[in-house]
Structure formats: C-alpha cells, structure tokens
Amino acid sequence: MTKKQSIPRFIEEIQHKFTAGIANVFLVHFNIADYVDHANTLPDYLAKWFKGYLVIFYDRNKGITFPLPSMKKKFVELVMKQELEGDPLAQAAIGESQQKPEDVELPRDPQDALRLIDMALKSGQKVLTIIGYAETLTPNADMASLSSEDRNNLVALCSWGRDLMDTESIAILVTGSLTDVHQALRAASSKIEAVEFPLPDFSERGSFIEALIKARGVKLNLSPTEFAAKTAGLSKVHIEDIVLRAEEMKAPVCSDLITERKADIIKSEYADVCEIVDPTYGFEAVGGLEHVKELFLDIMEFLEKGLIDLTPKGVLLVGPPGTGKTLIAQALAKVLGFNFLSFTLSKILGKYVGESERNMARFFLLARTLAPLIIFVDEFDQLGLSREASGDSGVSSRIFQQLLTFMSESELRGKVIMVFATNRPDLLDAAIVRPGRIDKVLMVGVPDEAERVEIFRVQLEAKRAKVAPDLDLKKIARATEGYTGAEIERLVTKAMETATKEGSEEVTKKHVTHAIWAINPSTKNIEEMTLAALKMCSDKDLVPEKYREYFDKAAKKEEPIVTAKRRRGVK
Ligand code: ADP
C-alpha cells in the first residue's frame, strides 16, 4: 500500500496564513523549480490544492496561461465584462464577433497582463494567480534606477498586498532568490509574506526515491536509504536527473555517479562558491595536530552526551597554508557523521552589486538543509582584506553581517559547526572572534620533527606505498625542517614517482632523498605566521606545549609582533 504523502510544511504555512487572514499574497522562494510532492511542480500543485479557484499563471516569457482551457474562457469572460462595463457599443461588438473566449490572444507584456490579472483578482470570484520569475518584473534596484515599466509592475504587485485582504483571492509570487526581488515586496508593511520552499530533507528524499523505484523500476547499486543520505543538498528534480542519466547509460545508480553529479549540480546552482565534499578519512589520516584532535574529540563527546551548550558554533584555525586545516576539518565531519560544505570567500566577494549577497543567502539556505554540517570557510581573512579595499561598495560588510546573523541562530548550535581558516589573523574583525560566534581559536603551525614523522607515516600509508627497510622516517623528518604537511605530501608523491620510474616496488631512502633535493619548502614567513597565530589562540590548554611560553607573552597584551614589524617597515 502506498503511504499517504504528507503535506509540505511551506504549503501548510501558506494555507494557514491565508485562512487566518494574515496575508493573501506570498513570495515563495528558493527551491522553486522542484516537485512539491512526487510529481507536481509548484504551479501545478497549487492549482490542485486551491480547489474551485480560477487559476492564472503568468511569467514574462510565457505570458498568461491556464491549467485548463475552461479557465481561460472564464478569465476572458470575467475581464472582458469588466473592461467593457459602461461601454454597451463595445459589448455589442464583442457579442457579434465570432471569436470564442478561448481563442482571444492575451497580452504578454507585464503591464497589460498584470492589469487584467488585477481585475480578475478583484472581481469577487475566487482567483489564484501564480507569477513566475517575480524578479524579472520587479528587480532589486534603487527606485531611481528602475525603469518606468518596472516601477509600474512594482506598484501593481505591492498594491495586491493590501487590496486583496478583503477578497478570497490569492497571489503567489515566485522567485529563486529573495534578495533578487525589490525590497518593497519584502518589507513587513507590504503585507506580503515570504515563504521558503526548502530543499527536501532526508525523509522526503527517501520517499521520492521509493516512488521513483516503483514508477520506473530504477536499479540501484546502493540501498535507497544510502541514496537518500548521499543526495543531501539536492532537489527532487536533481535526484530524478541522476536516475535518468543512469537509465541512459543502462547502468544502475551507483555511489560514484551520485558524487559526480552532486559536485556538478552544487557548483552550478551555487555559482561556484561552495563545494560539498564526502569526507573519506578520519583523524587517522592527520599526522600531528594533537591539540586540535583533542578539541574535536571533546566536541564529539559533547554531542554524544547531548551537551549542546558546550559545542562550539565556530572554531578558527590559524596557521600557514598546507598545514592540514582543511584535512582536519574534513576528518571532524567524518568522525561526527556530519556533512561537509566548503566555502571559499574570495569566490563570493567581488561580484557585481547584489550578487554576492544573493549567493551568500542561497548558501545559508543550502547549509540549513544540510545540517548536521561542518561549514569550512577558507581564506577567512579575505573579508577583512576586501573591506579595506576600495570599490567594494559595502559588499563585504553586508556579507559579514549575513554571516553573523546566521551564526547567532541559537537553534543551529550542535547542528552546524563552522570551521574558519586563515593565515592572516591580523586582518580579522574582532566582532567575529568572540564567544558565541567563534568560541575557540587554535593554531595550526608548521609541524615539528615528531609531527613530520607522523605525517610521513600517514601519507605513505594513505598512498599505499611499500616502504624499504632502509627508510628511517626520523632521519627524513630531521632533514625536512620547515616543510608543511602539503609539502611532505608532495615529497612522498615525488619519491613514489621516482621509485616507479626506476621500476622499484619499494620506496627507498634514495628516492626520498632525491625528492627532498628536488622539492623545496615554499612556505615563507613561518615564524611571523606562527606568532600571529599564537596571539589569537583562545585557550592555553589548547596551545601545543612547545608554544605555551609565547602564549603567556601574548596574553600580557604585548604589541603583536607582526604589527610592530610592519610599522617599522619590516616585511
Ligand atoms: P590547509 O587547509 O592548512 O591549507 P590542507 O589541509 O589543504 O592545508 O593540506 C593539503 C594536503 O596536505 C592535505 O590534503 C594532506 O594531504 C596534506 N597534509 C597537510 N597537513 C597534513 C597533516 N597534518 N597530516 C597529513 N597530511 C597533511
């Protein structure tokens, strides 16, 4: 027996606000092109949901359309009647003409179309209109830069907020992104309610997949539950797309296909600003960084015990590039069983006005649907950098504000952990680095000798290298002072390449020595970065033993070494 599908929450919200007389106009946003249930897109679903209503669709591209020809007839009769009221001659002319109402050509142009729809909405009949791509009718711009046509559209749509309150009619404006429509439509005084059409959650995806299997006989190489788990962040349309591709290839749906498609979809839907990664390794793949692992294991324990208040909302990892910040954040996601979303600030900044904020807003909507989630924000210092830069028109402060708002949502504690990374802590804003936002600041320094031994060991293991007995990792570690984890990885790869070229099955001391000769550590200013990182650290017990002396000095509020040097003109 098929399970009765439950009504999506956002539909219930519209229904409730409509019947309670709170609003007659709604601005539905975000996942708007998706199926609401298993088969109906938003316009079709709403047309069925509001039984007995005359349903009118409109968008700039298709013009005025109807789910049924009989509705067009009704609409034409309704508006014609009003249009010609008080003009008996014209009425008679229409009466004499042979043209059926169904054949009347309706205007496509927004101004005329909205005028006719307005008449229908206010005709005293029950009318539902769904206006697609609302942002193309009323783009988000200053009043002064709106064209006169856009201004008229805005006035028309805004007027519905109040005018429809006395009617039984309902208008649904639809847009992919709330920040794209003019702010007057979003103002509380507009009487227009914004309602988010979210991405499907795990159970919705699961039941959609079950329905697809039943309807299309889809073959899977993984269980439906795994399929549902792996498609977090995707819409039902995307899931269907994966199934169709598998069918086209005459192959069952498999894990690799999902991962590949998911990466492409997220990239294109979110303008390249973020990436969903399936973390494959836990802490065993991270050499050293014991103090970070310790904090992360504490987080795991807090979550297991339900001690949500102790779980940090944000953790900042400070240190030079290539020291394993991304790696350990991914490992945390793996051990917690959280999703992992990586987000690069430089890609979101510097877009044209409005686009950055739009991408950021969409990013946060995606993030909510992916919880439990680790959000990894790389190049966090970029926010400070671009704030200093001219020509930013306040984009980075608005992005920063959006970030703070997101982080201050208390219900996200324990569900979303943000891990920020930077190598320029001196550029960070004090407003973000404070408890409740970023609760912990940890340094991720260049590895010492013992840590390098560990990194060599895990890297060789991860690459399944056969190690010759003459390879003494301690000696190698001693010879690679100043190398970061990323550089050690390059060394190991290089050594393995040399071994393969020579036809050797094992990686020997000679191969590694050659790699050290060939690859120089490229990280500059390590000392400066290390000291700047220490200056930021939140808890002394989370500072590696060897640096604690410096931490005490920093705590005495000495002038930060990096700043002092810069003032003196030292690079
Ligand atoms: P960061 O985020 O600090 O710039 P990454 O985490 O991206 O550095 O490191 C790049 C790569 O270098 C990793 O994918 C990993 O292969 C290697 N690496 C860096 N640090 C470590 C480490 N501590 N242990 C093992 N591998 C490491």
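The values are calculated or read from the model by the stated rules, or taken from the named source; none is laboratory data. Note that the structure is a prediction, hence the values are computed from the model and not measured. Glycine also receives a Cβ, built like all others from the backbone with ideal geometry; neighbour counts cover every protein chain displayed. Remember, those area values only see protein heavy atoms, side chains included, never the ligands or the DNA or RNA. Shrake-Rupley method; radii C 1.70, N 1.55, O 1.52, S 1.80 Å.
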Is there a residue being farther than 14 Å from PRO447 by Cα, part of a helix (DSSP H, G or I), away from the ligand (no atom under 15 Å from the Cβ) and open to solvent by less than 10 Å² (accessible area, probe 1.4 Å) anywhere in region 483-492? no
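Given the options THR344, THR311, THR323, THR369, name the one that is β-branched (Val, Ile, Thr), out of contact with any helix residue (DSSP H, G or I) (no Cβ under 9 Å at 6 or more places or on another chain) and assigned by TED's automatic domain parsing to the domain that holds VAL419.
On the way: THR344 fails: out of contact with any helix residue (DSSP H, G or I) (no Cβ under 9 Å at 6 or more places or on another chain); THR311 fails: out of contact with any helix residue (DSSP H, G or I) (no Cβ under 9 Å at 6 or more places or on another chain); THR323 fails: out of contact with any helix residue (DSSP H, G or I) (no Cβ under 9 Å at 6 or more places or on another chain).
The match here is THR369.
Are any of the residues in region 103-110 basic (Lys, Arg) and at pLDDT 95 or above? Give the steps one after another, and end with the answer.
At the first step, the residues of region 103-110 found to be basic (Lys, Arg) are 108.
With at pLDDT 95 or above added as a condition, the list becomes none.
No - not one qualifying residue is present in region 103-110.
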Restrict the check to region 519-527 and report whether at least one residue is open to solvent by less than 70 Å² (accessible area, probe 1.4 Å) and away from the ligand (no atom under 16 Å from the Cβ). no
In region 328-342, what residues are buried (at least 22 other Cβ atoms within 10 Å of the Cβ) and within 16 Å of the ligand (Cβ to nearest atom)? ILE328, ALA329, GLN330, ALA331, LEU332, ALA333, PHE340, LEU341
So THR422 fits all but one of (1) of a type in the set (Val, Ile, Thr); (2) away from the ligand (no atom under 14 Å from the Cβ); (3) in the same structural domain as LEU317 (by TED's automatic domain parsing); what number is the exception? (2)
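With respect to MET496, is the statement that it is away from the ligand (no atom under 11 Å from the Cβ) and in contact with a Pro (Cβ under 7 Å, 6 or more places away or on another chain) true? Spell out how you get there, then give the answer.
Working: away from the ligand (no atom under 11 Å from the Cβ): yes; in contact with a Pro (Cβ under 7 Å, 6 or more places away or on another chain): no.
Criteria not met by MET496.
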Region 100-125, residues that are within 20 Å of ILE172 (Cβ to Cβ) and open to solvent by less than 60 Å² (accessible area, probe 1.4 Å): LEU106, PRO110, ALA113, LEU114, LEU116, ILE117, ASP118, MET119, ALA120, LEU121, SER123
Output for Cβ contacts, cut-off 9 Å, separation at least six or different chains, first residue farther than 30 Å from ASP241 by Cβ in region 19-36, second part of a loop (DSSP other than H, G, I, E, B), reads ILE22/LYS191; ALA23/LYS191; ASN24/THR167; ASN24/GLU168; ASN24/SER169; ASN24/LYS191; VAL25/LYS191
Any idea which residue in region 58-81 is nearest to the chain's Cα centre (by Cα), counting only those that are among the basic types (Lys, Arg) and in a helix (DSSP H, G or I)? LYS72
All but one of (1) touching a residue at least 40 places away in the same chain (Cβ under 8 Å); (2) within 26 Å of THR405 (Cα to Cα); (3) within 16 Å of the ligand (Cβ to nearest atom) hold for THR323; state the number of the condition that does not hold. (2)
Here the residues within region 401-428 that are open to solvent by less than 50 Å² (accessible area, probe 1.4 Å) and among the acidic types (Asp, Glu) are GLU409
Among residues belonging to region 354-385 that are assigned to a loop (DSSP other than H, G, I, E, B) and of a type outside the set (D, E, K, R), point out the one that is most open to solvent (accessible area, probe 1.4 Å). PRO372
Select, from GLU204, GLU210, GLU149, GLU135, the only residue that is part of a helix (DSSP H, G or I), without any contact (Cβ under 8 Å) to a residue 24 or more places away in the chain and among the acidic types (Asp, Glu). GLU210
